[in-house]
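The values are calculated or read from the model by the stated rules, or taken from the named source; none is laboratory data. Since this is a predicted model, take the numbers as computed values, not measurements. All Cβ positions, even for glycine, are placed from backbone atoms using ideal geometry, and neighbour counts span all protein chains on display. The protein model used for the area step is the full one, side chains on, heavy atoms only, and it has no ligands, DNA or RNA in it. Shrake-Rupley method; radii C 1.70, N 1.55, O 1.52, S 1.80 Å.
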Amino acid sequence: MIKITVSEEIRKACPVFAGIAVWAKVKNTPFNDELWKIIDEFTVSYREKYTPDSIKNMKTIHATREAYKKCGKDPSRYRPSGEALCRRILRGLPLYQIDTLVDLINVVSIRYGYSIGGFDADKIQGDSLVLGIGQVGEPYEGIGRGILNIEGMPVYRDACGGIGTPTSDHERTKLDLNTTHLLAIINGYSGKEGLKEAADYMIRLLEDFASADEVTVIEF
C-alpha cells in the first residue's frame with residue numbers, strides 16, 4: 001500500500017491541511033448511463049443552488065485558493081480543478097465525459113468543492129508519495145495541458161517526480177480504460193471536516209459503477 005506524507009513546507013504554508021485517499025481495485029468503462037443520469041440530475045440542482053460568485057465563498061474552494069497564494073501561485077491564472085469544474089457547470093457547459101472513473105471523481109469534486117487527484121496506482125513509481133511545493137523549472141506534463149509551470153503549486157511526487165497538483169494530474173499516471181487499481185486523493189486545504197463524507201460518497205459511486213473491491217481508506 002502506498003504511504004502518503006505531507007512535507008514541512010506544506011505544513012508551514014497550510015497548517016490545517018488534511019488529506020484522505022481511497023485505494024481500490026476497479027473496473028473502468030468508457031461510459032456508464034446510470035452514472036450520467038445522476039450527474040445530469042445533480043447538475044440541474046447545482047445550478048439552482050450556486051452562482052459563479054457564490055462558489056468563491058465555498059469553504060473548500062476558498063481554502064484551496066488561499067493555499068495557492070501561500071505556496072506562491074496565482075489561483076486565478078492556474079485555477080484549481082475543483083473550482084474550474086464548478087465554474088464550468090455554472091457557465092451552462094456540460095461536464096466533460098472522459099471515462100467512468102474520471103467522470104465519477106469529477107462529480108465528487110464538484111459536489112464538495114475539493115480538488116481530487118485520480119491516479120492509476122500501478123503507474124506510480126515506488127511505494128510512497130510526498131506532498132510538497134513545485135520548484136522553478138520542475139518538469140511536469142499536465143493531462144491534456146502539455147508542459148505546466150508548477151512552480152509554487154502543491155504537488156505530489158513519487159520516486160520519479162511530480163504526479164499530481166490541484167490544477168492538473170500528470171500524463172504519466174493518468175487513469176485509462178486499462179486501469180485496475182485506483183488511487184484517488186481528496187485534498188482538504190480547509191481541514192479535516194467534510195473529507196470523510198466526500199470519501200464515503202466516492203466509495204459508493206465506485207462500488208455502484210466501477211465494481212470497486214478491496215477498498216482501503218488512507219487518512220494523512
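Hydropathy first: keep DSSP H helices in the chain averaging at least -0.5 on Kyte-Doolittle, then drop any whose Cα extent along the axis falls short of 15 Å, and list what survives. Helices meeting the span and hydropathy rule in the chain are 100-112, 195-209. In the chain, Rg over Rh equals 0.93, where Rg is the alpha-carbon radius of gyration and Rh the Kirkwood radius from pairwise Cα distances.
In a fully extended conformation the segment linking Val136 and Lys37 would gain 31.3 nm over its present Cα-Cα distance, using 0.36 nm per residue. Taking the 1.4 Å solvent-accessible surface of the chain as the whole, the part contributed by carbon and sulfur is 50%.
Loop-located trypsin sites (Lys or Arg not before Pro) in segment 89-136 (DSSP state not H, G, I, E or B) with no more than 12 neighbouring Cβ atoms inside 10 Å: Arg91. With Cα atoms defining each centre, segment 176-220 and segment 21-85 are spaced 14 Å apart in the structure. Across segment 105-220 the C-alpha pair distances fall into 10 Å bins from zero in the proportions 13, 45, 35, 7, 0 percent.
Using a probe radius of 1.4 Å on heavy atoms only, what accessible surface per residue do you get for the chain? Whole Å² is fine.
Per residue, the chain has an accessible area of 46 Å².
Across Val155, Val130, Val107, mean-square fluctuation computed from a Gaussian network of the chain (C-alpha pairs under 10 Å connected) peaks at Val130. Restricting the chymotrypsin sites (Phe, Trp or Tyr not before Pro) of segment 20-122 to loop positions (DSSP other than H, G, I, E, B) with no more than 16 neighbouring Cβ atoms within 10 Å leaves Phe31, Tyr96.
Among the listed pairs Lys49/Lys174; Lys27/Lys56; Lys27/Lys49; Lys37/Lys73; Lys70/Lys192, those whose Cα-Cα separation exceeds 29 Å are Lys49/Lys174; Lys27/Lys56; Lys27/Lys49; Lys37/Lys73. Between amide H atoms placed 1.01 Å from N, distances below 5 Å from Glu219 occur with Ala21, all of them 5 or more places distant or on a separate chain. Per-residue Karplus couplings for segment 21-28, computed as 6.51 cos²θ - 1.76 cosθ + 1.60 with θ equal to phi - 60°, are listed in order as 10, 10, 10, 7, 7, 9, 10, 8 Hz, Gly and Pro entered as x.
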